[in-house]
Each structure stands twice: as structure tokens, then as C-alpha cells.
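Engineer: Sending over a structure as C-alpha cells; questions will come in a sec.
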Amino acid sequence: MAKWQKRTKEEIEQEVQQMTEKSLTYVQNHTQTIEDQLELLRFMDRFYEYSFRNQALIQAQFEGAQAVGSFAFFKKMGFSVQRGEKGIRILKPNIFEYIKGENGQCIPLSKATKEQKEKIQTGELTKHSIYSFSPTTVFDITQTNAKSEDYPKLFPNKRFAFSTEKTTDLAALKQSLIYVSEKMQVPIHTPQTSRLGFRELGLAKGVFATSIDGKQKEIVLNPRNTQRKKWLL
């Protein structure tokens, strides 16, 4: 078994910088048209409790995410992340609170004496805060074994929309789409078999993709689709 090694401060700072650049790139790419802007704003509305940077990071890595939590959060609530799911990397704020001692040295607030804490209350001493960020991993609720009826319990303040429409003949619809796929010579794949490298579709039902040179085309279906979603693209 490989031995876990603690990352250096420089490595963490480098990842934070890369994640910041990734979020900025995503925003730049999704503000070109009114449609893109509306899509971004709708997503932000679902994740209003997160910073703008983390909103962009979540959407860039898992398009259409509904609600995210840490591995520990889902475990505490009695659910588990599905095997093979890739985590979403966001930035966690870290707050270091301190006071200045008589010699000007920084003393962590947690190590302040009773007398010093009393002076903070009276205003004789000032409490200072330093903010930093470090990468952490979260998962979307659809990446866990939670069922749709569990969603409101896990995230009581979130709005979830569930379709109740009925499909009368999925088998016939499936055969029709396969026929069109074969007629157009555009194969249907999953992220595991995608020729163009689609590995994560978030909550998108699927994508129609063309290579840069136009020689390859494919339809990639999301393995998270229900039987109904799978064929109602």
C-alpha cells in the first residue's frame, strides 16, 4: 500500500492558484451569450451559500449539480458515495484568529489566557483574523446512494424538481433512437467508452459531440440516467 505523504505548503498554494484560474476560465467561457449567462445565474441560485469562485468550480467539474456535501457529511447522514465517483474540488476557507501580545507577537485566540479574553471583551485588546484557502473535496447528492425522497431531508433548504411524467412505450422510443443513430452513423457511447474523451457529464442527460476535424461524431449518454431519462434526450 502506498504511503500517504502530507503535501507541502507550496503544493497546496499551487493547487489553489490552478483552481482559481479554472474558475475564472469557466466564467469567461459562460458569459459570451445571454443563454450562457442565464444558465450560470440559474446554477448560482441553487448554490447561493457558496462563494462565486466555488460556484464556478462546482459547475465546471459537475455540470448541473444539485447539492454538494463532503464524504463525511453524507456518511454522518447515513448515506455513502457510490464507488467510482470522482470528487469535486472546491476551496475551503480557513480562519486564523489571534491577538497581539505585549511584545507584538501573535498569540492564537485559542491559547489566550482568561485575562486576555476578558480584555478582548472590554476592548482593551483587539482580535485579528487572517483568511486563507485550502482545497477540499465534495460530492453531488446524485453521486451517492441517496434516493430522491431523501433529498429534502439531507438539504432541507434546497429546491428540488422531480418529474412525474409517464412514458408509455420506452422500448419503441429506444429502438427509434438506435435506428436514427445507425442511419446517421453516429454511435451511442457512455463516458467509459467515449472516443472523444467525455468522462464526466454531471447531470446532463447526454451530449452530441464532434471532433475538431469533424471526422468523428458520437452521442454520449449519462450512466446516471434513469431508463426514462436515458431515451428522452
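Engineer: Just to confirm the number: angle between the C-alpha axis of helix 52-61 and the first principal axis of the chain, 0 to 90 degrees, nearest 10?
Structural biologist: Tilt relative to the chain: about 30 degrees.
Engineer: Expressed as cubic angstrom per residue, what is the convex hull volume of the alpha carbon set of the chain? List each step's numbers first, then the result.
Structural biologist: Values: hull volume 53.6 nm³, N = 233.
Here the figure is 230 Å³ per residue.
Engineer: Along the charge dipole of the chain, Cβ charges K/R +1 and D/E -1, which of Thr122, Ile58, Gly84 sits furthest on the positive end?
Structural biologist: Highest projection toward the positive end goes to Gly84.
Engineer: At 0.36 nm per residue, minus the direct Cα-Cα distance, what do Gln185 and Gln121 gain on full extension? Give it in nm, one decimal, please. Intermediate values should be presented prior to the final figure.
Structural biologist: Numbers: separation 64, 0.36 × 64 = 23.04 nm, distance 7.38 nm.
So the extension gain works out to 15.7 nm.
Engineer: Further question on the same structure: For each of Ile12, Ile90, Ile219, Ile212, count neighbouring Cβ atoms within 10 Å of the residue's Cβ, then give the residues from fewest to most. Walk me through the numbers on the way to the answer.
Structural biologist: Details: Ile12 15, Ile90 23, Ile219 18, Ile212 7.
Starting with the residue having the fewest Cβ neighbours, the order is Ile212, Ile12, Ile219, Ile90.
Engineer: Over the Cα atoms of region 1-139, each weighted equally, I'd like the Debye log10 I(q)/I(0) at q = 0.13, 0.21 Å⁻¹, rounded to two decimals.
Structural biologist: Once normalised to I(0) and log-transformed, intensities are -0.79, -1.21.
Engineer: Taking the Cβ-Cβ separation of Thr8 and Ala72 as r and a Förster radius of 25 Å, what is the calculated FRET efficiency to the nearest 0.05?
Structural biologist: Working: r = 24 Å, r/R0 = 0.97.
Here the calculated transfer efficiency is 0.55.
Engineer: Output the 0 to 90 degree angle, nearest 10, between the alpha-carbon long axis of helix 170-184 and the longest principal axis computed from the alpha carbons of the chain.
Structural biologist: 80 degrees
Engineer: What is the gain in length, in nm to one decimal, between Lys205 and Ser51 on full extension, counting 0.36 nm per residue of separation less the C-alpha to C-alpha distance? Don't skip to the end; give the middle numbers.
Structural biologist: Working: separation 154, 0.36 × 154 = 55.44 nm, distance 2.68 nm.
Fully extending the segment from Lys205 to Ser51 adds 52.8 nm.
Engineer: Moving on. Can you compute the modelled spin-label distance between Tyr131 and Lys114, with each label point 7 Å from Cα toward Cβ, in nm?
Structural biologist: Roughly 3.5 nm, to one decimal.
Engineer: Need one number: nm distance between label points at Asn145 and Glu39, each 7 Å from Cα along Cα→Cβ, rounded to one decimal.
Structural biologist: About 3.4 nm separates the two model spin labels.
Engineer: Between region 39-86 and region 180-222, what is the separation of their alpha carbon centroids in Å?
Structural biologist: 25 Å
Engineer: Looking only at the chain, where both bridge partners belong to it, what percent of the DSSP beta bridges are antiparallel (to the nearest 5)?
Structural biologist: Values: 22 of 24 bridges.
The antiparallel proportion sits near 90 percent.
Engineer: What is the local net charge at Met19, summed over the other residues whose Cβ is closer than 9 Å to its Cβ (Lys, Arg +1; Asp, Glu -1)? Please report the intermediate quantities before stating the final value.
Structural biologist: Details: positive: Lys22, Arg53, Arg89; negative: Glu15, Glu21.
The answer is +1.
Engineer: Do the sum for the chain: with -39,500 (n - 2.57) for every DSSP H run of n ≥ 4, divided by all residues, what is the mean residue ellipticity at 222 nm, to the nearest 500 deg cm²/dmol?
Structural biologist: Details: 8 runs with 83 residues, N = 233.
Here the helix-only value at 222 nm equals -10500 deg cm²/dmol.
A short reminder: the numbers here are calculations on the coordinates, not readings from a lab. Remember, it's a predicted structure, so these values are computed and weren't measured experimentally. As a convention, Cβ positions derive from the backbone with ideal geometry for all residues, glycine included, and neighbour counts pool all protein chains shown.
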